[in-house]
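Read through the structure below, which is laid out as structure tokens, and then see the notes.
The values are calculated or read from the model by the stated rules, or taken from the named source; none is laboratory data. Since the model is a prediction, treat every value here as computed from it, not as a measurement. Counting neighbours? That spans all protein chains shown, and the Cβs are built from the backbone with ideal geometry, glycine included.
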Amino acid sequence: MNDKNFFLENYNDIVEKINSIKQNALKRKVNYREEQLNRPISFWTKKERLRDKIGKEFTIILRSKGCSWALSKYGGCSMCGYYLDATTKNVSTSQLISQFDYAFNDKINEIKQDSYNYILKIFNSGSFLDENEIPKEARNYIYEKISMVEKIKEVVIESRLEYITSEKLREIREIFNKKYLEIAIGLESVDDYIRNNFINKGVLFKDFKSALNKCKELDIGVKVYLLFKPLFLNEQAAIDDCSYSIKTLIDLGVNSISINPTNIQKGTLAEHLWFQNRYRPPWYYSLFKCIKKSVSQEDLKSIRLLSDPSGAGTKRGIHNCLKKECEISAKERLRNFVLSQNLNELEQKEYECVCKKKYQLQKNYI
């Protein structure tokens, strides 16, 4: 058997396993009531790094039909359980508008009266530019509401590559002519093999570069999500992959990079392997090594490096030894770095824990 057939056979096994796990998880999923479809999954405000200073974020997570890739026969990504937040039926334009208005109206006075400027992030556990998730009428309504709020200086929406077209980008650019806009793309790694065989992303790097060029032509920023420690990589391999990805993306001129350490979400292949003790979420030590290896302070003048890990400091998220002092120290250093974009923050107030020796001995194997 040649290498190509070997890899294809293993890839098909992974897709089959992802689909099997997903189908079992969906059997336990409860359909949302009608009134729930008029409310977003969640929304909040908190401090965040804007392009050139500290500000605040206003995040809204809309409840949509769900990611087309996760709903396809290919099963979706190996670590993503967001399909469980989606509804099993279509969400109407009026329901999506009601969801947005519910969050927007709740926070608008707070935003207008705040001394900080804001970045608004709109997520929907899929692609904001996918017509089957967010129809054009709903998108335009949301764009117009945001455009009228002077305190919102930056806007971020997410999309898979196949939905990023020049027409949709021009549509956004015309409305947000005075705001900074970023399209967030889950590239996960610049390595096609890791991305498509370990993560099952269904995305090629050449297509990402094409989308990046479309955004640049219209003066629209690009934010890239990188997955830190995909399945089947140990700590050292995760550092090497993410570091190479960061350096490559800096050379390409992306605007922001968000490093997302793998966390164990329900109904995923990641959870399946985690239950079998065949996968461990990454250590903070590895993430800090990766950042310090990948960027200089000079780089951070032209790119924003972010990381806000889900489940941090727990067994299901990035963690060291789970000792309270160790986790708090690491979490604070990461947060301070993100807000300041100062690499020195990663060296400050480090809790000298005995687990660091264990990590150093095991990082090539775990």
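So here's what we get for this one:
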quantity: Test result for Ser296, over 18 Å from Pro261 (Cα atoms) and not in a helix (DSSP H, G or I); calculated: yes
quantity: Of all residues making up the stretch 216-237, the number that are among the aromatic types (Phe, Trp, Tyr) and under 13 Å from the mean Cα position of the chain (by Cα); calculated: 2
quantity: Residue identified as surrounded by 23 or more Cβ atoms within 10 Å (Cβ to Cβ), within 30 Å of Tyr365 (Cβ to Cβ) and of a type in the set (Asp, Glu) among Glu182, Glu188; calculated: Glu188
quantity: The stretch 332-358 - residue that is of a type in the set (D, E, K, R) and in contact (Cβ under 8 Å) with a residue 40 or more places away in the chain and, of those, farthest from Arg304 (Cα to Cα); calculated: Lys356
quantity: Wholly enclosed strands (runs of 3 or more DSSP E) of the stretch 42-142 bearing at least 1 residues surrounded by fewer than 17 Cβ atoms within 10 Å (Cβ to Cβ) and in contact with an Asp or Glu (Cβ under 9 Å, 6 or more places away or on another chain); calculated: 42-49, 54-61
quantity: Leading residue by the ranking (surrounded by the fewest Cβ atoms within 10 Å (Cβ to Cβ)) among those in the stretch 161-179 that are in contact with a strand residue (DSSP E or B) (Cβ under 7 Å, 6 or more places away or on another chain) and within 21 Å of Lys201 (Cβ to Cβ); calculated: Leu161
quantity: Qualifying positions in the stretch 251-289 - polar (S, T, N, Q) and out of contact with any strand residue (DSSP E or B) (no Cβ under 9 Å at 6 or more places or on another chain); calculated: Asn263, Gln265, Thr268, Gln276, Asn277
quantity: Options Leu26, Leu96, Leu62, Leu50; residue that is among the aliphatic types (A, V, I, L, M) and at pLDDT below 95; calculated: Leu26
quantity: Test: Ser78 is among the polar types (S, T, N, Q), under 23 Å from the mean Cα position of the chain (by Cα) and at pLDDT below 95; calculated: no
quantity: Total residues in the stretch 201-255, condition surrounded by fewer than 21 Cβ atoms within 10 Å (Cβ to Cβ) and aromatic (Phe, Trp, Tyr); calculated: 4
quantity: Residues located in the stretch 18-41, provided they are over 23 Å from the mean Cα position of the chain (by Cα) and either acidic (Asp, Glu) or surrounded by fewer than 16 Cβ atoms within 10 Å (Cβ to Cβ) (or both); calculated: Ser20, Gln23, Asn24, Lys27, Arg28, Lys29, Val30, Asn31, Arg33, Glu34, Glu35, Gln36
quantity: Search result, residues across the stretch 210-244 that are in a helix (DSSP H, G or I), farther than 21 Å from Leu50 by Cα and out of contact with any Phe, Trp or Tyr (no Cβ under 8 Å at 6 or more places or on another chain); calculated: Ser210, Ala211, Asn213, Lys214, Glu217, Gln236, Ala237, Ile239, Asp240, Asp241, Ser243, Tyr244
quantity: Single residue of Ser159, Ser147 found to be small (Gly, Ala, Ser) and in contact with a Leu (Cβ under 6 Å, 6 or more places away or on another chain); calculated: Ser159
quantity: Unique match (being part of a helix (DSSP H, G or I), modelled with pLDDT of 95 or more and not aromatic (Phe, Trp, Tyr)) among Lys247, Lys266; calculated: Lys247
